[in-house]
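Peer 1: First the structure, which I've put down as structure tokens, then a few questions once you've had a look.
The values are calculated or read from the model by the stated rules, or taken from the named source; none is laboratory data. This structure is a prediction, so every number in the text was calculated from the model and none was measured. Using ideal geometry, Cβ is built from the backbone for each residue, glycine included, and neighbour counts are taken over all protein chains shown.
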There are 2 protein chains.
Amino acid sequence: MSAIRPVFYVSDGTGITAETIGHSLLTQFADTLFSTDRIPFVDSEERAREAADRIRAKGEEVGVRPVVVSSCVDPELTRLIGESGALVLDIFAPFVEPMERELGQQRKSQVGQAHGMVDFKTYHARINAMNYALTHDDGIAINYDDADLILVAVSRAGKTPTCVYLALHYGVRAANYPLTEEDLEHDRLPPRLRPYRSKLFALSIDPERLHQIREERRPNSRYAQLDTCKREVAAAESLFRAERIPVLSTTHKSIEEIASTVLTTLGIRRGMF
Amino acid sequence: MSAIRPVFYVSDGTGITAETIGHSLLTQFADTLFSTDRIPFVDSEERAREAADRIRAKGEEVGVRPVVVSSCVDPELTRLIGESGALVLDIFAPFVEPMERELGQQRKSQVGQAHGMVDFKTYHARINAMNYALTHDDGIAINYDDADLILVAVSRAGKTPTCVYLALHYGVRAANYPLTEEDLEHDRLPPRLRPYRSKLFALSIDPERLHQIREERRPNSRYAQLDTCKREVAAAESLFRAERIPVLSTTHKSIEEIASTVLTTLGIRRGMF
């Protein structure tokens, strides 16, 4: 049994870029146990030295060489962090030279820009999309004209987290429509949705899983019963088929995968926040 | 004026890792105009060839060599994408060899794992944290015992987006407490918050900016008046100082920066989703 390997995500900004790529890299080494820690806002030599001290101390404490995933744009800061003795992976360094050659220009080392507030207007659009998702979450009294897309599903199939994710990360105005028992009696779209056919995307879910989720929310209710879940899911899937609405099962998908699939399917192209 | 350079984020999974590092890289080349597009779920040779065709066609259409940021774990897929003629930046390749040497083990090429659903329990904790944020958003009738942290601020200072972000990305149960006019008459914490002092983090905001945001929500209301905003912000800041609550101004910060600062300040350590 080897020791737990300490990993530090070090950044001149939030550290989100370093952590995102670092996490992806660590999942490829599943045989090693890692402990992870983030050191954001390392934007001066003083902070870089403090970070290096902390990393060195951790390595000495556990007796294993730490790994640093660094997204500091200034190479001097990354060099100072390297004095900790850690294995330093500089996530931009390998790509800067090929990009400079390809574009015929030098990169500019603006510190901490990637997840900073780029401009007020864009930021505002993002917040508005999120407010939209939160206030259009119950399907009641909604005007769908403003929606970029509408997720349709039975209760607890994953609509809300997906809408919030789409708003937060893509600035997309995502509304949702929870299918009621009455809706499910017909193999046709509810009248309110018919004018918005091109905006619709359906979510489905394994009835057993739906049962688990609903049980946690309202234990021993008719709503949560396995029979109810089976009946609702079957009726919803039949409706989606009849109306040819694109559908994705959320059972084995993360929020990120659902969101990515929805955007690709509906052909919505937005930059990511 | 040079042509717009097409950039493709290509991935065997959602493409979020590729887009995150790609976006960070592009912000360092501010003199070039880029158009960006994502091609997720490229998990077979067939899809890699389709992606290559699409990328080649785009390059021929605009007359500029495209750039591909690839997070495909299987090097064969990345090689096929390279047949498009694009400049391919493989975001894992430079780090795999140093990591293999350091850890003394080979990486395992599981496709599309980084933002996939890792395990049901973790995923469930994340969804529960988000439901927590959404149902604990108004500060009314909340039991704060379960909260990992509580954001305190006047209305529209940025509490809700930050709580939702913390839930979605860190699985942190973030509640919030909107300071009322009555609360602001005193330089002391509202009684309900006093037992939870160690969980508190305060947000402040520039009154002019608050005024803009509130005007959009309730035009020409007393709530949105600049005078009201100035008075509320001054009273809130005075309260935070008197009670020594850590405070951050959200005016020039992104949601990511606010979230990262809150976690670092309160010493909450969680892996990122």
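Peer 1: Identify all residues within the stretch A:245-271 that are among the aliphatic types (A, V, I, L, M) and within 13 Å of residue B:16 (Cβ to Cβ); write none if there are none.
Peer 2: Here is the first cut: in the stretch A:245-271, the ones among the aliphatic types (A, V, I, L, M) are A:245, A:247-248, A:255, A:258-259, A:262-263, A:266, A:268.
Within the stretch A:245-271, A:255, A:258, A:259, A:263 qualify.
Peer 1: What's the total number of residues in the stretch B:178-225 that are hydroxyl-bearing (Ser, Thr, Tyr) and part of a loop (DSSP other than H, G, I, E, B)? Let's see the steps before the verdict.
Peer 2: In the first step, residues of the stretch B:178-225 are kept if they are hydroxyl-bearing (Ser, Thr, Tyr); the result is B:180, B:196, B:198, B:204, B:221, B:223.
Then keep just the ones that are part of a loop (DSSP other than H, G, I, E, B); that gives B:180, B:221, B:223.
Qualifying residue count for the region: 3.
Peer 1: Next question, about the same structure. Out of all the residues in the stretch B:37-58, is one or more surrounded by 19 or more Cβ atoms within 10 Å (Cβ to Cβ), within 9 Å of chain A (Cβ to nearest Cβ) and either polar (S, T, N, Q) or farther than 20 Å from residue A:258 by Cα (or both)?
Peer 2: no
Peer 1: Looking at the stretch B:251-265 only, could you name the residues that are crowded, with 16+ Cβ neighbours inside 10 Å and either assigned to a helix (DSSP H, G or I) or modelled with pLDDT of 95 or more (or both)? Steps first, answer last, please.
Peer 2: To start, the set of residues in the stretch B:251-265 that are crowded, with 16+ Cβ neighbours inside 10 Å comprises B:251, B:253-264.
B:255, B:256, B:257, B:258, B:259, B:260, B:261, B:262, B:263, B:264, listed by residue number.
Peer 1: A follow-up question, please. Out of the stretch B:1-33, which residues are farther than 17 Å from residue A:21 by Cα, in contact (Cβ under 8 Å) with a residue 24 or more places away in the chain, within 10 Å of another protein chain (Cβ to nearest Cβ) and hydrophobic (A, V, I, L, M, F, W, C)?
Peer 2: The answer is none; no residue qualifies.
Peer 1: Please state which of the following conditions residue B:235 fails to meet, knowing it meets all the rest: (1) assigned to a loop (DSSP other than H, G, I, E, B); (2) within 25 Å of residue B:142 (Cα to Cα).
Peer 2: (1)
Peer 1: Just to be sure I understand the filter: pairs with C-beta atoms under 8 Å, separated by 6 or more residues or on different chains, first member in the stretch B:154-173 and within 16 Å of residue B:266 (Cα to Cα) and within 11 Å of chain A (Cβ to nearest Cβ), second member basic (Lys, Arg) and in a helix (DSSP H, G or I). Which pairs pass?
Peer 2: B:167/B:126
Peer 1: I'd like to verify a number: residues in the stretch B:92-118 that are touching an Asp or Glu at 6+ places or on another chain (Cβ under 7 Å), more than 7 Å from every other protein chain (Cβ to nearest Cβ) and modelled with pLDDT of 80 or more, how many?
Peer 2: Residues that pass the stated criteria total 1.
Peer 1: Same structure again: Please work out if residue B:209 is touching a residue at least 40 places away in the same chain (Cβ under 8 Å) and either not assigned by TED's automatic domain parsing to the domain that holds residue B:136 or not hydrophobic (A, V, I, L, M, F, W, C) (or both). Talk me through it step by step, then tell me what you get.
Peer 2: Details: touching a residue at least 40 places away in the same chain (Cβ under 8 Å): yes; either not assigned by TED's automatic domain parsing to the domain that holds residue B:136 or not hydrophobic (A, V, I, L, M, F, W, C) (or both): yes.
The answer is yes for residue B:209.
Peer 1: Hey, can you tell me all the residues within the stretch A:163-208 that are of a type in the set (Val, Ile, Thr) and modelled with pLDDT of 95 or more?
Peer 2: Residues of the stretch A:163-208 of a type in the set (Val, Ile, Thr): A:164, A:172, A:180, A:205.
Answer for the stretch A:163-208, where residues must be of a type in the set (Val, Ile, Thr) and modelled with pLDDT of 95 or more: just A:205.
Peer 1: Sticking with this one: Could you give every pair whose Cβ atoms fall below 8 Å, whose first residue belongs to the stretch B:245-263 and is within 7 Å of chain A (Cβ to nearest Cβ), and whose second residue is in a helix (DSSP H, G or I) and small (Gly, Ala, Ser), counting only separations of at least 6 or pairs across chains?
Peer 2: Filtered contacts from the stretch B:245-263: no entries.
Peer 1: State all residues of the stretch B:238-249 that are surrounded by 18 or more Cβ atoms within 10 Å (Cβ to Cβ) and either assigned to a helix (DSSP H, G or I) or at pLDDT below 95 (or both); if no residue qualifies, say none.
Peer 2: B:239, B:240, listed by residue number.
Peer 1: Of the residues A:204, A:254, A:238, A:221, only one is out of contact with any strand residue (DSSP E or B) (no Cβ under 9 Å at 6 or more places or on another chain), assigned by TED's automatic domain parsing to the domain that holds residue A:154 and within 20 Å of residue A:185 (Cβ to Cβ); which?
Peer 2: A:238
Peer 1: While we're on this one: Could you name every one of the strands (runs of 3 or more DSSP E) located completely within the stretch A:1-117 that has at least 3 residues being more than 18 Å from residue B:96 (Cβ to Cβ) and assigned by TED's automatic domain parsing to the domain that holds residue A:170? If you could, list the steps in order and put the result at the bottom.
Peer 2: Working: elements: A:5-10, A:34-39, A:67-70, A:87-90.
Per the criteria, no element qualifies.
Peer 1: OK, next. Determine, yes or no, whether residue A:206 is within 13 Å of chain B (Cβ to nearest Cβ), surrounded by fewer than 18 Cβ atoms within 10 Å (Cβ to Cβ) and not aromatic (Phe, Trp, Tyr). Steps first, please.
Peer 2: Numbers: within 13 Å of chain B (Cβ to nearest Cβ): yes; surrounded by fewer than 18 Cβ atoms within 10 Å (Cβ to Cβ): yes; not aromatic (Phe, Trp, Tyr): yes.
Here the answer is yes, as residue A:206 does meet what is asked.
Peer 1: A further question on this structure: Go through the stretch B:40-65 and give me each residue that's more than 21 Å from residue B:13 (Cα to Cα) and either in contact with a strand residue (DSSP E or B) (Cβ under 8 Å, 6 or more places away or on another chain) or not charged (D, E, K, R) (or both). Let's see the steps before the verdict.
Peer 2: Initial filter on the stretch B:40-65 (more than 21 Å from residue B:13 (Cα to Cα)): B:56-65.
B:57, B:58, B:59, B:62, B:63, B:64, B:65, listed by residue number.
Peer 1: Cβ-Cβ below 8 Å, separation at least six or inter-chain, first residue in the stretch A:121-149 and more than 22 Å from residue A:272 (Cβ to Cβ), second of a type outside the set (Gly, Ala, Ser) and modelled with pLDDT under 85: which pairs?
Peer 2: A:137/B:134; A:142/A:136
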